[in-house]
Amino acid sequence: MTFYPTDRLALFIDGANLYSAAKALGFDIDYRKLLDEFKKRGILIRAYYYTAIAENDDYSPIRPLVDWLDYNGFTLVTKPAREFTDSQGRKRWRGDMDIEIAVDMLQIAETADHLVLFSGDGDFRALVEAVQRKGRRVTVVSTMKSQPPMTSDDLRRQADNFVDLADLGTIIGRPQRVQPRQVSDTRTPAEREADDEY
C-alpha cells in the first residue's frame, strides 16, 4: 500500500461487505487492530463504519459490535434494515448504505488526502472517480482471492490502489470462531458479524 506519513486518512467501512469478504477468506476482522494499523500509516482523521440494524427486534445481535465501535474510535452510521420475504418464503433483511457512504466520502474529500474504501461494490466506481477529480487518492480494500471474487473489476481498476483483504489477514484478522449451524439464519450479514465478534 502506498501511504505517506503526512497523509490525512479517512476509512469508509461497508460493514456487511467487509464481513462477507472476510468470511469468504476464513477469518474475522479485529477492528482494534484495523484502526491501529491505519493510525500507523498516516494521520487518521475519521473511521466510518456503516451498517443497517433490524430495529423491530427486542435484541439485535449487531448491537454489541456497534456499541463497541462507537466507544472505540469509529464513527457509526446506521439506519433501520427493511424486512422482506425471499422467493423461498424466508424472512430476510435489507439495508443498503451506498448513499450514506457516497455523501460522507464526497464531504470529507475536502479535507482528507487519502480515502480508504472497504468494499468491493462496483456501484462505487463513479464515486471513486469523483473523489479522484478532487485531487484525492483512493485505496479500495476487498478481495479477488475468494470464490467468487468479492470485488468489481471496474472498481479495482478505478482505484489508485487495490489491497486484497487476504493480504491484510495476518495484520487485522483473527481466526473465525466456530459456531453451530442454524437451520434458518435470517440475520443480516452485519448481525452475523456481531454474533461472531462477541
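The values are calculated or read from the model by the stated rules, or taken from the named source; none is laboratory data. Predicted model only: the values in this text are computed from it and were never measured. The protein model used for the area step is the full one, side chains on, heavy atoms only, and it has no ligands, DNA or RNA in it. Shrake-Rupley method; radii C 1.70, N 1.55, O 1.52, S 1.80 Å.
Name the residues whose placed amide hydrogens come within less than 5 Å of the amide hydrogen of F74, ignoring near sequence neighbours (fewer than 5 apart) on the same chain.
none
Dimensions of region 8-178 along principal axes (Cα, Å, largest first)?
Here the Cα extents, ordered largest to smallest, are 47, 34, 31 Å.
For D7, enumerate residues with amide H under 5 Å from its amide H, sequence gap 5+ or separate chain, H modeled in the peptide plane.
Close amide H contacts, sequence-distant or interchain: I43.
Return the long-range amide H neighbours of S142 (sequence gap of 5 or more, or a different chain), with a cut-off of under 5 Å between placed amide H atoms.
Result for S142 returns V163, L165.
Of all accessible surface on region 8-178 at a 1.4 Å probe, what whole percent is carbon and sulfur?
45 percent
Using θ = phi - 60° and the Karplus form 6.51 cos²θ - 1.76 cosθ + 1.60, what ³J(HN,Hα) does each residue of region 72-86 get, whole Hz, x for Gly and Pro?
Couplings: 10, x, 9, 9, 8, 10, 10, 7, x, 7, 9, 8, 8, 10, 7 Hz.
Give me the lysines in straight-line cross-link reach of K23: C-alpha distance below 27 Å, same-chain residues under 8 apart excluded.
Straight-distance partners of K23: K33, K39, K40, K79, K91, K145.
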